[in-house]
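Peer 1: The structure under discussion is supplied below as structure tokens; questions concerning it will follow.
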Amino acid sequence: MRIDDLQTPAVLIESSRLKRNLDRMQAAVTARGRRLRPHAKTHKSPLVAEMQIARGAVGICCAKLGEAEVFADAGIMDIRLPYPLNPVNADRVLALADRVAFSFIVDDEGVARAWSDIARRAGRRLDVLIKVDVGFHRCGIDPNAGDAPSIVREVAALPGLRFKGLLSHAGHAYGASSDAEVEAIACAEARMLRGLASLSGVVCEELSVGATPTARFSIHQEGVTELRPGNYAYYDRMQVAVGSATWDDCALTVLARVVSRPATDRIIFDSGSKTLTSDAVKGRGNTAGHGAVLEEVHGSRPDDSLLIERLSEEHATVRIASGTSRLAIGDLVRIIPNHSCVVSNMVDTVWLVDGDVVVDRLPVAARGRIT
Ligand SMILES: Cc1ncc(COP(=O)(O)O)c(C=O)c1O
């Protein structure tokens, strides 16, 4: 089958780019003596997770229990949830911990105590890491707060828990305006984790950091044991904007079709917000619009004269800046989306392609597992 035979919109993964992205990240992390534990939220596919593990990844991360259950069913044996699980999920957590090496984060002493009690009642110990807020200001304990070291000591001493170490996610790196700023964020992240570990006096077997933009700098940071990038498998327009990828690295594209040309300066594609999603790009350069339309179906360069200006659920409204375009109704286009992780969550299947040829069909088995 060729890509022209696919129904549109369709999500394509360029097989050679995927493999190259996986190889490169694994090689960089291994060369520095660190462990790679990719976040599977990007691909949500046990087959891609197996490719990562075959290259040397120690396991995977998932965002939600539902995702972890899909990967455990598929035979992935080491799963970490860098997500603040609530004890209401005790049964599912114990069931997962029975069949795979399972760990998760806590960022609250009361919740940690509740997990410890649950584990003791079940005659178990649960593996946890403490989430540290290194500047993204989502979840995590404040490493600069006076009580942070004592929180680490108290959680580490809970009898139902096996304390593994500290974990962070520098999501604020996506807003950085230069490589130097991304590097400074990666340095500060590692410094905060090392500082807290040392002040607490508790042995931290793991200092786990993870985000695709910071990965190339985090591999050089003293004390970091594990990296958890996810997006690097596919990359996207956001990663190009923040400087962690080139257009040639972007493995995931949306194949769409021109369905209307209602005005000379306007084209409509069949890929709306249900495909491209409404995630915006932060970072540097040209960040306007809902994805980069490629100059050619088989090219890598974006056509800067086309701006995906507006999305309805099933339509992308594209403005032709130059006033003319080669595109006619029925033509295929390829789009590098702003954020590939959310795009793969929109489809049951992505298509592995080698140029023009569709080589395989990849079920996105953990898509939509949001509980
Ligand atoms: C806790 C955590 N770890 C790792 C990652 C992976 O980061 P990235 O998407 O930059 O690869 C994420 C992404 O949201 C995350 O939330």
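Peer 1: Would you point out the residue of segment 211-226, among those that are hydrophobic (A, V, I, L, M, F, W, C) and near the ligand (Cβ under 9 Å from one of its atoms), that is surrounded by the fewest Cβ atoms within 10 Å (Cβ to Cβ)?
Peer 2: Of everything passing the filter in segment 211-226, Ala215 is surrounded by the fewest Cβ atoms within 10 Å (Cβ to Cβ).
Peer 1: Among the residues of segment 173-188, count how many are aliphatic (A, V, I, L, M), without any contact (Cβ under 8 Å) to a residue 24 or more places away in the chain and within 16 Å of the ligand (Cβ to nearest atom).
Peer 2: 0
To keep it simple, each residue is scored yes or no on (1) away from the ligand (no atom under 16 Å from the Cβ); (2) modelled with pLDDT under 95; (3) assigned to a loop (DSSP other than H, G, I, E, B).
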{"residue": "Ala114", "(1), (2), (3)": "yes, no, no"}
{"residue": "Ala119", "(1), (2), (3)": "yes, no, no"}
{"residue": "Ile130", "(1), (2), (3)": "no, no, no"}
{"residue": "Gly135", "(1), (2), (3)": "no, no, yes"}
{"residue": "Cys139", "(1), (2), (3)": "no, no, yes"}
{"residue": "Asn144", "(1), (2), (3)": "yes, no, yes"}
{"residue": "Ser150", "(1), (2), (3)": "yes, no, no"}
{"residue": "Pro159", "(1), (2), (3)": "yes, no, yes"}
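Peer 1: Still on this structure, please answer the following. Are any residues in segment 189-201 surrounded by fewer than 20 Cβ atoms within 10 Å (Cβ to Cβ), in contact (Cβ under 8 Å) with a residue 40 or more places away in the chain and either under 29 Å from Asp23 (Cα atoms) or touching a helix residue (DSSP H, G or I) at 6+ places or on another chain (Cβ under 6 Å) (or both), and if so, which ones?
Peer 2: Restricting attention to segment 189-201, the residues satisfying the condition of being surrounded by fewer than 20 Cβ atoms within 10 Å (Cβ to Cβ) are 191, 194-195, 198-199, 201.
Those left that are additionally in contact (Cβ under 8 Å) with a residue 40 or more places away in the chain: 195, 199, 201.
Within segment 189-201, Leu199 is the sole residue that qualifies.
Residue by residue, here is whether (1) surrounded by fewer than 23 Cβ atoms within 10 Å (Cβ to Cβ); (2) touching a strand residue (DSSP E or B) at 6+ places or on another chain (Cβ under 9 Å) holds:
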| position | (1), (2) |
| --- | --- |
| Val242 | no, no |
| Thr264 | yes, yes |
| Phe269 | no, yes |
| Thr275 | no, yes |
| Ser278 | yes, yes |
| His290 | no, yes |
| Val297 | yes, yes |
| Pro302 | yes, yes |
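Peer 1: More than 27 Å from Thr287 (Cα to Cα) and of a type in the set (Lys, Arg) - does that describe any residue in segment 158-171?
Peer 2: Checking segment 158-171: at least one residue is more than 27 Å from Thr287 (Cα to Cα) and of a type in the set (Lys, Arg).
Peer 1: Ok, one more. Kindly state which strands (runs of 3 or more DSSP E) lie completely within segment 178-289 and contain at least 1 residues that are aromatic (Phe, Trp, Tyr) and on the phi > 0 side of the Ramachandran plot.
Peer 2: No strands (runs of 3 or more DSSP E) qualify here.
Peer 1: In the list Val58, Val70, Val88, Val48, which residue meets the criterion of being out of contact with any Phe, Trp or Tyr (no Cβ under 7 Å at 6 or more places or on another chain) and assigned to a loop (DSSP other than H, G, I, E, B)?
Peer 2: None of the others qualify; the one that does is Val58.
The values are calculated or read from the model by the stated rules, or taken from the named source; none is laboratory data. Computed from a predicted structure; not experimentally measured. Note: ideal-geometry Cβ built from the backbone for every residue, glycine included; neighbour counts use all protein chains shown.
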